[in-house]
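Asker: There's a structure below that I have some questions on.
Taken together, the values in this text are just the output of simple stated rules run on the coordinates, not laboratory data. All values derive from a computational prediction rather than experimental measurement. A quick note on method: Cβ atoms are made from the backbone with ideal geometry, for glycine too, and the neighbour counts reach across all protein chains shown.
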């Protein structure tokens, strides 16, 4: 009989991994001159970002007419990009909050960069509803501010208003959650910093973290509370975004399955984006032993599950389109958006990217292959953009009155603003990689010793040699014993 | 007791010492050392500025400088020094006057605000037009404020004064032996008599003068000559279409620009009411799909070369039945022949109650038409040759002779008034004009002809002019100025009076000639009363017309020899049919951007002319049939009559195969635009040696590489079987069936006891059935009759002008950003849509093509080869449960308690969510700052100080980034409510009118209070034919449409799948 609990595969690989190695590796970028690769990427990203900002200024200065929208198509790329970015901004909080509540230790290796991605993505997402307004300078009117105009008030019926609330709440909670997590790590950087400016900056940012037990205890509590707060937000944000469509009467938008479908889609796209970024980052920063194939595989499994939900949602929509017998719905699903309409190319792109493409992940060989994962994740990112494009543009282009049917053609400003946000996002992300502890190093250290396989196979001599602190013959027999109880600082 | 108490602040006050009294009178208790401080330069100089003071001054300086830098917009408002008696700022005045430009005669009512004409609508007092007006007439108000108008007289292209003009020209005219006046048809008796005085010729009592040449830019010479031969009277008869039960038109677009189309519209509309005892049946044979053709019950595409044989065959078929002799005609193909039997049968059934029109300018064909109408006994009943219309009197022959005479050099002086012959008749005239020593143009705006003239004596705009008119025997109307002249112009008549040596003003001249000629016929007692009343009403009908030439000889033409002439005519190759558009007309006023932006009622294309071609022929030739924003038209070269033009080719369902159509009137520069809009197709007009004009000719079409972007406002042409958008039925079903047959309630599938049942959609209402608010007070709404709406577009331009809608130009129109608050949707039937049965289209498509739903939908998108057509005016539906209102985050669009869906421009931040959630897509977004952005400066009148004068001061000009839409002319509603309040009575039906309904002479659009049980609009709402568009969405619109009824047999009863 097997008396021991099954030994888990270690979350951190390598025999020679020590706390100081983790610290050194994670903080390598901060403590060294930027690499050539970083400089090249940063240059490209800055140029793109400036180009995007230029496009936005031109847009705001001249008018929404510089986009390709028309009377029938009140929204197109603007809201497509908005929903796309919001969707991307979903994975981070899910990883850090939901997985924290479920005590999934593997999250620790990826939560920091994923959360950073979330913050920047939501920031980019917020740009679009802002600049898509005809009068951006009046944007503050969407807030229920007290005013001297008497009963002038916002319209609480409007899902767009709830969008504002949902996204700003999500943004602020995610930001706080992320920053709280950063504090101990900033302190580590501070402690190791030798340059005075650097030391000053990081000591300001670390809020005087001392690392005493009380601080750690409070840290844990706050993390838990914030995780509790953030978890419902993960579900509310995209549900509310989906209501922009679901509560309208546009055939193809007006659909009750949108909230869960959108949330699943968001997690789907968010994880794909995490994969895309992480696969590059771990390679470039030589952190393969912390962000392991195991992590990649876990995230691929999440992609399979959420991708499955999205796939079912597609089928449901078509079924309902047929089942209701409403000719407008039927037309949208049977013709306009589907196989034969003018947007058939977008529809088939979506089916390939989001329906067929993630199905390859069912094969273990593929989902543990880094190259395959990278390609599939990239295609999913594209597919999710097409999904939003399909919903918004196809449905609007052919709604009730055939006399108003039209097509959408993007202009260079449409393209410029979209590319620009990718540029701005990249700038933020590259700055994050350079100046922030990319991984939650103090948290990662807690799982360093959770894998007992090595210890189990170790002779007592070896063990004593490795850990001379232990005077007595303690031999770890079970990996669960020391897993949760180690609190170690460098 | 209260008096005994005294409060005091201190002992000083209690005792009221002198020191206290002294100090209490001062503002400050102590003397402030201001004088000392400012007076003493040393102390002032020593007073150092502290750091805090410095910051204060800096802050103040910065704030002051930045405040000063913010320029306050300069708004110019000049008050009256002496307020004119009739003007109250903010209150509109209306003046009755008359529009006539050689194409349309229209008595109008001009709305002026603070002395500026801003809106034109039809004059309901007129017994001829009864308030009917068209787009060309109502948008002519903009041409008054055209900054490119001639602003002073010119000699040889250089600015001159009127004195020098009068001196030089007076001398030249005195010495000239051969003076000619070339003008459009003159219906003004006073103008005619002044021209007569100038030419020393009595024009009033003499029908033909060799020196006075009337020239219609669109010729009706053939018809006039045929009538001269038939009845010894060269005139156009009047048609009583309200009595015509059977209307047959062969190539005559009588609802849009053909002859007195405004008057025909009125009569036609009254015969199209299915609720009346009878409804007229309208057959249309034509090559192009004309606006009239789209309204026909039966439309048969034929080549123009077949017009003669169609009339001939019809004549024979009728002749056989009435016992007259048959004539020899070229045989028609069997399909046409079979259809003609049907037509002949219907005509015979309604002998004396029918009308046959023909649009041909061929005298022989028109003679045959007269013969046919004579056989049918229509003269004296539906056609009145005794009471004639004077709106067309031009003669092709006389014009040709004039050109010959000019070429020979014998014309000393030529005065050109109201026409642009270089534009409309081409190079020959231009060459001949060079040989005329003294050429004078009275153009309002520089045109092709005035550019060639020695003297340009700019005429006043008609809104700055006095005039009179005799359009039809017994009907007179007056024109009065509604604004004093804007530029240094002089009315042409006054110029001519001066040169002819007639004293006084033209106004006095009209008045005195009316006193001697028209007043005696009127039966009034006092001339002043008669004059004032006529001036007030704008029109007057007299009992005993003076001008009637009662000797009309009976019809006695040898139709056989006429038919022989016709049968000799042969055509080869592709036949080109030149036509005029409802908005553009003959092109003399096509430089009006509002008209250019008005989509063609049939093709829905703006800002261009093009070649129309049958879609199947285009597909065979490999041309692009489906136009769109990024799907441009192919360019082809059309050669005819010795000239060729490169034009885009556009598919026109219903175009007769083997024919192409090109619209005349294009090729003028609009506003300050560098390039002309469209191309001038007048050179294609065919002239034979005698000067007879034909608007059809054979043409050669060749491919040209390249494409041309087209601004089309409607890309999808069929209604896709959606019978909750368009409802139509056939007359037999409407007469025999009940409401559930022709206008059934919309149902959806629901469940009851485990079974699926059809439930009326109203049952699904989530808002609760009782909406008590909707029954209290006013509830403004509209009723739109699809049966009487001809799709002319007058409502669109009227709405544009009333509501200051921006002109956005071709490129923006192409991008689908039309700003029209009111548009007219035009749907063609697909091949499988039967008359009166839209709902069954998908099933029929699937059956006929044996395809599933998906491909069935695909097939439904193609219009039929010769489709049935329906026009649907579409504007904000003012839904009681509006989709737009619930989604606006800032509550910028809200519902009034009078049923209006309101738009608060100031509150709008431009998320465009409302537009997305509008099922009717009637919301319009300000994509740019149209009144300032450079893209629009060439043609947007609002970017010009003068052009802005046409703006309605009651309606704000919307800024960039806000949403706008139809407000049901809320400014008029408010005005009417105020007026009623002052009068102390409730608002009554007819007190308020929207711009669109006020110009809809056919009465298709009715506006009013739905809660007023006696109102017309309420009757429209309660009518059996009434339905609401997309009713099943439960948005409860306040706009009701009435089912279209086609005078056809139902396909369900006859089982005839083909349709006409």
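Asker: Rounding to the nearest 10 and keeping the result within 0 to 90°, find how far the Cα-based axis of helix A:111-131 lies from the longest principal axis of chain A.
Answerer: Helix A:111-131 and the main axis of chain A meet at about 20 degrees.
Asker: Another question about this same structure. Kirkwood hydrodynamic radius, chain B, all distinct C-alpha pairs: what's the number in Å?
Answerer: 31.9 Å
Asker: Relative to the longest principal Cα axis of chain B, at what angle does helix B:51-69 sit, 0 to 90 degrees, rounded to 10?
Answerer: With rounding to tens, the tilt is 20 degrees.
Asker: Something else: At 222 nm, what helix-only mean residue ellipticity would the protein assembly as shown give, in deg cm²/dmol to the nearest 500, using -39500 (n - 2.57) for each DSSP H run of four or more?
Answerer: -11500 deg cm²/dmol
Asker: Moving on to the next point. Tell me, B:448, B:964 in order of fewest to most beta-carbon neighbours within 10 Å?
Answerer: Least to most surrounded, the residues fall as B:448, B:964.
Asker: Then there's this: Please give the FRET efficiency for residue A:37 paired with residue B:451, using the beta carbon to beta carbon distance and R0 = 45 Å, rounded to the nearest 0.05.
Answerer: After rounding to 0.05, the efficiency reads 0.05.
Asker: In Å and whole numbers, how far do the C-alpha atoms of the stretch A:275-398 stretch along each principal axis, longest first?
Answerer: 56, 22, 16
Asker: Taking the DSSP beta bridges in chain B as the whole, what percent of them are antiparallel, to the nearest 5?
Answerer: That works out to approximately 65 percent antiparallel.
Asker: How high is the FRET efficiency between residue B:978 and residue B:620 when r is their beta carbon distance and R₀ equals 41 Å, given to the nearest 0.05?
Answerer: 0.05
Asker: I've got another one for you. What do you get for Rg/Rh over chain A if you use C-alpha atoms and the Kirkwood form of Rh?
Answerer: Ratio value, two decimals: 1.01.
Asker: Using 5 Å bins from zero, what percent of all Cα-Cα pairs in the stretch B:680-720 falls into each bin?
Answerer: Cα pair-distance distribution for the stretch B:680-720, in percent: 5, 13, 14, 13, 13, 16, 12, 8, 3, 1, 0.
Asker: Ok, one more. List the pair-distance distribution P(r) of the stretch B:941-1060, using every Cα-Cα distance, as the percent of pairs falling in each 5 Å bin from 0 up to the bin containing the longest distance, rounded to whole percents.
Answerer: Each 5 Å bin holds this share of Cα pairs: 2, 8, 12, 15, 15, 13, 11, 9, 6, 3, 3, 1, 0.
Asker: What's the extension gain from residue B:31 to residue B:50 if we count 0.36 nm per residue and subtract their Cα-Cα distance?
Answerer: Stretched fully, the residue B:31-residue B:50 segment lengthens by 4.4 nm.
Asker: Shifting gears a bit: With each pseudo-label sitting 7 Å past Cα toward Cβ, what's the residue A:192-residue B:946 distance in nm, one decimal?
Answerer: In this crude spin-label approximation the distance works out to 7.8 nm.
Asker: So, one more: Pull out the extension gain between residue B:349 and residue B:902, defined as 0.36 nm times the separation in residues minus the alpha carbon to alpha carbon distance; nm, one decimal.
Answerer: Full-extension gain reported as 193.8 nm.
Asker: Between residue B:60 and residue B:533, how many nm apart are label points set 7 Å from Cα along the C-beta direction?
Answerer: About 7.5 nm, to one decimal.
Asker: Can you put B:146, B:412 in order, fewest other beta carbons within 10 Å first?
Answerer: B:412, B:146
Asker: Cut-off is 10 Å between beta-carbons; in what order do A:267, A:427 appear when sorted fewest neighbours first?
Answerer: So the residues, fewest neighbours to most, are A:427, A:267.
Asker: In addition: Only Cα pairs under 8 Å and at least 6 apart count here; give the relative contact order of the stretch A:19-458 as a rounded whole percent.
Answerer: Dividing the mean separation by the residue count of the stretch A:19-458 yields 31 percent.
Asker: Let me ask another. Pull out the extension gain between residue A:147 and residue A:372, defined as 0.36 nm times the separation in residues minus the alpha carbon to alpha carbon distance; nm, one decimal.
Answerer: 75.4 nm
Asker: Based on Cα positions only, what radius of gyration and what Dmax would you give for the stretch B:666-760, in angstroms?
Answerer: 26.7, 83
Asker: Would you mind calculating the relative contact order of the stretch A:179-275 from Cα pairs under 8 angstrom and at least 6 residues apart, reporting the percent as a whole number?
Answerer: Averaging sequence separation for qualifying contacts and normalising by length gives 18 percent for the stretch A:179-275.
Asker: Obtain the nm distance between the two label points defined at residue B:487 and residue B:93 by a simple spin-label model: each point lies 7 Å from its Cα along the Cα-to-C-beta direction.
Answerer: Label at residue B:487, label at residue B:93, 2.5 nm between them.
Asker: Compute the angle between helix A:370-389 and the longest alpha-carbon principal axis of chain A, please, reported from 0 to 90 degrees and rounded to the nearest 10.
Answerer: 30 degrees
Asker: Here's something else I'd like to know. Give the shape of the stretch A:80-147 as rounded, prolate or oblate, defined through the alpha-carbon gyration tensor: a ≥ b ≥ c are the square roots of its eigenvalues, a/c under 1.5 means rounded, and otherwise the shape is prolate if a/b is larger than b/c and oblate if not.
Answerer: Since a/c reaches 1.5 and a/b is larger than b/c, the shape of the stretch A:80-147 is classed as prolate.
Asker: Let me ask something else. Can you tell me the Rg and the Dmax, both Å, for the Cα atoms in the stretch A:140-205?
Answerer: When restricted to Cα atoms, the stretch A:140-205 yields Rg and Dmax of 20.1, 59 Å.
Asker: Please tell me the relative contact order of chain B in percent, rounded to the nearest whole number, where contacts are Cα pairs under 8 Å and at least six residues apart.
Answerer: 13 percent
Asker: When a/c reaches 1.5 or more, the comparison of a/b and b/c decides; with that in mind, is the stretch B:223-368 rounded, prolate or oblate per its Cα gyration tensor?
Answerer: rounded
Asker: May I have the convex hull volume per residue, in Å³, for the Cα set of the protein assembly as shown?
Answerer: With only Cα atoms used, the protein assembly as shown gives 313 Å³ per residue.
Asker: Regarding the stretch B:854-899, what's the average projected area of the Cα-atom convex hull, expressed in nm²?
Answerer: The orientation-averaged projected area of the Cα hull of the stretch B:854-899 comes to 6.2 nm².
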